[in-house]
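Engineer: Got a structure for you, questions after.
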Amino acid sequence: MSFHLPQPVKAALLGFWDLFTSASPLLFAGAGLIWLAYWWLNPMPPKHLTLLTGPEQSAYAEMGGQYAKLLREQGITVELIPTEGSADNLRRLQAGEADAGFVQGGSASAAPGEETEELLTLGNLFVEPIWLFYRAQAAAGVSESGRLQSLNQLGTLRINAGTAGSGVPPLMDTLLDMHRMEPKKLRISHLEQTPATVQLLQGKLDAVIFASAPQAPMVQMLLQTPGIRLMDFPQNEAYARRLPFITPVTLPRGVVDLARNIPTQDVHLIATTTSMLVREGLHPGLRQLLSQATVQTHGQPGWFQRFREFPNASNSEFALAPEAERTLKNGIPTLQRYIPFTLANLVERMWLALGIIVAVLLPLGKIAPPLYAYRVRSRVFRWYGQLRDIESRLEATPSAREALLDELNAIESKVEKVILPLSYADELYALRNHIGLVRQRLLTT
């Protein structure tokens, strides 16, 4: 049993098909441009990120865990790669071995300019003081007060000046040179923080020097260890005037432990500013997520900064990533507050391209109405060719009138099944009238 659609349904479906086929060039052109924009902009970021941290139990390692947690909430897996420190991080980033990493200020001075151009900064994250811890017993032999207040007093002491691969050894070489001291003549080692601290507590070392955020467990422990003192840098302002990447900071009295009044007085320190560096080729979406994570992680007040003082873009040695500039200026985009990051990122990166595509397609849209009119009217006009052919054969062979009349009846039967929109119904009725005129001529000839 055959199934016949009602005439109104047939008319609606046919009208929809006419609209679709007439607009198909516009639709295909739009789809092609959207695909091209998607391919060019690559709006969807990778789901994996490699982050260079630092030695185990360092502040870098602890902060790397915080970044991994924040990005995991957005569906991004962060691979934390332990390193020797800032200098090692910079070398690996320039070699393209990772996507992002923590780097101390001043590290770029030893890097070739053409290499550093491939890196961008997401801003300064925090100040990283130079911690010089020493045994009070060892200081008694070189200072009448029993306290160290100048690098010149380190001449006879056994010192561990940072881990090889960190930013401390080259920085100490610069500082010692400013004090007219030759590092080669000093008793300097470059052990990792943990074994160096153990030897300091055992009396095998007299002083250890490393750069770290105050949150580092080693810093917290040494600040509260009896017999271990933190060196005061009374010339910290002078260091900052001589070295642009140095910042003078003060460890306030009692900030470590108010009840025990640790430290017992303000301690002047020198600090470098640590930044988050990323490869220039890192996907913009990941750069945006990382820059937002810097605000969430480092925007709180601390020992050396006030609320929202960090992150910032002041005195940066590297170009600031556009995503970080927008985040520092405007915060988290509005869309991300209401929809998932993946969808918000897609909209933010594609909306301008979609606007351009619409502007390009608007002139092409003028083609669709004529195509639609031509397609609908062609159902009527194609029968006029057959009517003309019947009239021509009638003039050539009048005796074939009966056969031509049968052919005309067949044409009329087919025309009765033609469906047109109401706006074109006049042309269908005009065709039927013309069929009647041809029949009249066949009958009267």
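Engineer: Just a yes or no: is a residue in the stretch 124-140 open to solvent by less than 10 Å² (accessible area, probe 1.4 Å), touching a helix residue (DSSP H, G or I) at 6+ places or on another chain (Cβ under 8 Å), farther than 25 Å from Gln193 by Cβ and at pLDDT 90 or above?
Structural biologist: Checked against the condition, which is being open to solvent by less than 10 Å² (accessible area, probe 1.4 Å), touching a helix residue (DSSP H, G or I) at 6+ places or on another chain (Cβ under 8 Å), farther than 25 Å from Gln193 by Cβ and at pLDDT 90 or above, the stretch 124-140 yields no hits at all.
Engineer: Somewhere in the stretch 109-120, is a residue within 23 Å of the chain's Cα centre (by Cα), modelled with pLDDT of 90 or more and open to solvent by less than 30 Å² (accessible area, probe 1.4 Å)?
Structural biologist: Taking every residue of the stretch 109-120 in turn, at least one turns out to be within 23 Å of the chain's Cα centre (by Cα), modelled with pLDDT of 90 or more and open to solvent by less than 30 Å² (accessible area, probe 1.4 Å).
Engineer: Okay, moving on. How many residues, within the stretch 143-157, are assigned to a loop (DSSP other than H, G, I, E, B), open to solvent by 50 Å² or more (accessible area, probe 1.4 Å) and either β-branched (Val, Ile, Thr) or within 13 Å of Phe233 (Cα to Cα) (or both)? It would help to see each step written out before you state the result.
Structural biologist: Applying the first criterion (assigned to a loop (DSSP other than H, G, I, E, B)) to the stretch 143-157 yields 143-150, 155-157.
Checking the rest, the ones that are also open to solvent by 50 Å² or more (accessible area, probe 1.4 Å) come to 144-145, 147, 149, 156.
Right, trim to either β-branched (Val, Ile, Thr) or within 13 Å of Phe233 (Cα to Cα) (or both) and you get 147, 149, 156.
Of the residues in that region, 3 qualify.
Engineer: Any residue at all in the stretch 55-62 that is at pLDDT 90 or above, out of contact with any Asp or Glu (no Cβ under 9 Å at 6 or more places or on another chain) and closer than 24 Å to Gln220 by Cβ?
Structural biologist: Going through the stretch 55-62, the residues at pLDDT 90 or above turn out to be none.
Within the stretch 55-62 (the criterion being at pLDDT 90 or above, out of contact with any Asp or Glu (no Cβ under 9 Å at 6 or more places or on another chain) and closer than 24 Å to Gln220 by Cβ), the answer is no, since none of the residues qualifies.
Engineer: Which of the residues spanning the stretch 391-420 are open to solvent by 70 Å² or more (accessible area, probe 1.4 Å) and assigned to a loop (DSSP other than H, G, I, E, B)?
Structural biologist: Those that are open to solvent by 70 Å² or more (accessible area, probe 1.4 Å) and assigned to a loop (DSSP other than H, G, I, E, B): Glu416, Lys417.
Engineer: Filter the stretch 217-253 down to residues that are without any contact (Cβ under 8 Å) to a residue 12 or more places away in the chain and within 21 Å of Gln153 (Cα to Cα) and give me whichever is most open to solvent (accessible area, probe 1.4 Å).
Structural biologist: Once the filter is applied, the top-ranked residue is Glu237.
Engineer: Any residue in the stretch 282-304 that's closer than 11 Å to Tyr67 by Cβ and surrounded by fewer than 21 Cβ atoms within 10 Å (Cβ to Cβ): show its pairings with residues that are at pLDDT 85 or above and of a type outside the set (D, E, K, R) at Cβ separation under 7 Å, as long as the two are six or more apart or on different chains.
Structural biologist: So the pair list comes out as Gln296/Leu70; Thr297/Met63; Thr297/Gln66; Thr297/Tyr67.
Engineer: How many of the residues in the stretch 176-216 are in contact with an Asp or Glu (Cβ under 7 Å, 6 or more places away or on another chain) and open to solvent by 10 Å² or more (accessible area, probe 1.4 Å)?
Structural biologist: 3
The values are calculated or read from the model by the stated rules, or taken from the named source; none is laboratory data. Given the structure is predicted, the values throughout are model-derived calculations rather than measurements. Backbone-built Cβ (ideal geometry, glycine too); neighbour counts: all protein chains shown. Heavy atoms of the whole protein, side chains included, go into the accessibility calculation; ligands, DNA and RNA do not. Shrake-Rupley method; radii C 1.70, N 1.55, O 1.52, S 1.80 Å.
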